[in-house]
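Readers should treat all values here as calculations from the given coordinates under stated rules, not as data from a laboratory. This is a predicted model, so every value here is computed, not measured. Here the Cβ positions follow ideal geometry from the backbone for every residue, glycine too, while neighbour counts run over all protein chains shown.
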Amino acid sequence: MKNDLFRIGPLTIHGYGLMIAVGFLLCVVMGMYRARRRSLSPEAILDIALIGIVAGFLGAKLLYVIVEFPAFLADPGSVLSTEGFVVYGGIIAGVVSAIVYCRIKKLVFLQYFDLAAPSIALAQGFGRIGCFLAGCCYGRETESAFGMVFPEGSLAPAGVKLLPTQLFSSAGDFLIVVLLILFQRRSRHDGDVGALYMLLYGIGRFFIEFLRSDNRGAVGALSTSQFISIFIVAGSFALFAWNRKRAQS
């Protein structure tokens with residue numbers, strides 16, 4: 001819960017940025033290692049990761065601007081700072097950029113989606129630890145033993161016990177990594193691992209939103225992320241069905 005971890009001369013190392021960097025590096029290392037074991041291109045994984053991090057950053061920020069559009073109109077500078085992202089925007093933009101890259105390079109996107117899915121979940125797990133250190137994406141007030149008090153200067157309200165939804169999300173992401181790797185050993189169709197990632201992440205994100213208390217936009221009675229999760233989960237079932245139909249034909 002301390003975002004300013006240490007200083008190197010005039011440079012302050014922030015926990016949020018450090019965890020994002022650690023997650024990205026481990027994502028790339030893991031993806032390239034597994035690409036070699038599966039006779040896929042490690043260089044393509046590196047390219048997809050580098051393009052995806054840029055597209056993901058822009059997509060996460062763009063969706064945040066859409067969700068917080070009144071605040072953006074009132075003070076564009078505050079919304080366009082280094083804080084404030086919507087993860088789903090990053091995921092969607094990253095996937096689109098990977099599809100475009102694979103089409104240009106004449107690669108089978110679903111094979112690389114399957115390969116990258118566990119790495120993406122791993123990066124998200126570290127990213128949520130960064131959220132915890134910064135205090136963003138915080139949970140509801142609670143008197144339970146799980147409650148944690150954030151310090152002054154954090155993005156979370158200070159001095160009250162809050163559910164550490166960031167750590168709940170992180171634990172869920174790491175669990176998804178394990179489940180995807182185990183599932184891939186038995187998967188018979190290209191795209192099924194990616195579809196399972198969409199299913200697990202979409203369900204987990206939908207329910208964790210009930211525990212959160214930060215301002216994150218709404219579509220009717222649902223938060224923006226819950227609304228998107230419905231389509232992500234529906235898309236996972238459609239991808240499972242399409243993978244099987246394509247294999248049979």
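Confirm whether Ala156 is closer than 23 Å to Gly15 by Cα and either touching a residue at least 60 places away in the same chain (Cβ under 8 Å) or crowded, with 17+ Cβ neighbours inside 10 Å (or both). Quick ask: steps written out before the conclusion?
Numbers: closer than 23 Å to Gly15 by Cα: yes; either touching a residue at least 60 places away in the same chain (Cβ under 8 Å) or crowded, with 17+ Cβ neighbours inside 10 Å (or both): yes.
So Ala156 fits the description; yes.
Cβ-Cβ distance below 6 Å, separation of 6 or more or different chains: which pairs start in segment 191-202 with a residue that is over 10 Å from Ala121 (Cβ atoms) and end on one that is surrounded by 24 or more Cβ atoms within 10 Å (Cβ to Cβ) and among the acidic types (Asp, Glu)?
Filtered contacts from segment 191-202: Val193/Asp114; Gly194/Asp114.
Would you say Leu107 is under 20 Å from Gly56 (Cβ atoms), surrounded by fewer than 23 Cβ atoms within 10 Å (Cβ to Cβ), touching a residue at least 60 places away in the same chain (Cβ under 8 Å) and not polar (S, T, N, Q)? Lay out the reasoning, then the answer.
On the way: under 20 Å from Gly56 (Cβ atoms): yes; surrounded by fewer than 23 Cβ atoms within 10 Å (Cβ to Cβ): yes; touching a residue at least 60 places away in the same chain (Cβ under 8 Å): yes; not polar (S, T, N, Q): yes.
Answer is yes for this residue.
Consider Ser213 carefully, then state whether it is in contact with a helix residue (DSSP H, G or I) (Cβ under 9 Å, 6 or more places away or on another chain), crowded, with 21+ Cβ neighbours inside 10 Å, hydroxyl-bearing (Ser, Thr, Tyr) and touching a residue at least 12 places away in the same chain (Cβ under 8 Å).
No: the conditions fail for Ser213.
Taking segment 232-249 as the search range and keeping residues that are touching a residue at least 12 places away in the same chain (Cβ under 8 Å) and exposed (fewer than 14 other Cβ atoms within 10 Å of the Cβ), which one is nearest to Thr142 (Cα to Cα)? Don't jump to the end; show me each part of the working.
Pass one, segment 232-249, residues touching a residue at least 12 places away in the same chain (Cβ under 8 Å): 232-233, 235-237, 239-240, 242-244, 246-247.
Okay, now just the ones that are also exposed (fewer than 14 other Cβ atoms within 10 Å of the Cβ), so 237, 246-247.
Numbers: Phe237: 35, Arg246: 49, Ala247: 49 Å.
The qualifying residue nearest to Thr142 (Cα to Cα) is Phe237.
From the list Val96, Val86, which one is under 27 Å from Gln226 (Cα atoms), surrounded by fewer than 21 Cβ atoms within 10 Å (Cβ to Cβ) and touching a residue at least 40 places away in the same chain (Cβ under 8 Å)?
Working: Val86 fails: surrounded by fewer than 21 Cβ atoms within 10 Å (Cβ to Cβ).
Answer to the check: Val96.
Determine, yes or no, whether Leu196 is buried (at least 20 other Cβ atoms within 10 Å of the Cβ), under 27 Å from Val65 (Cβ atoms) and aliphatic (A, V, I, L, M).
no
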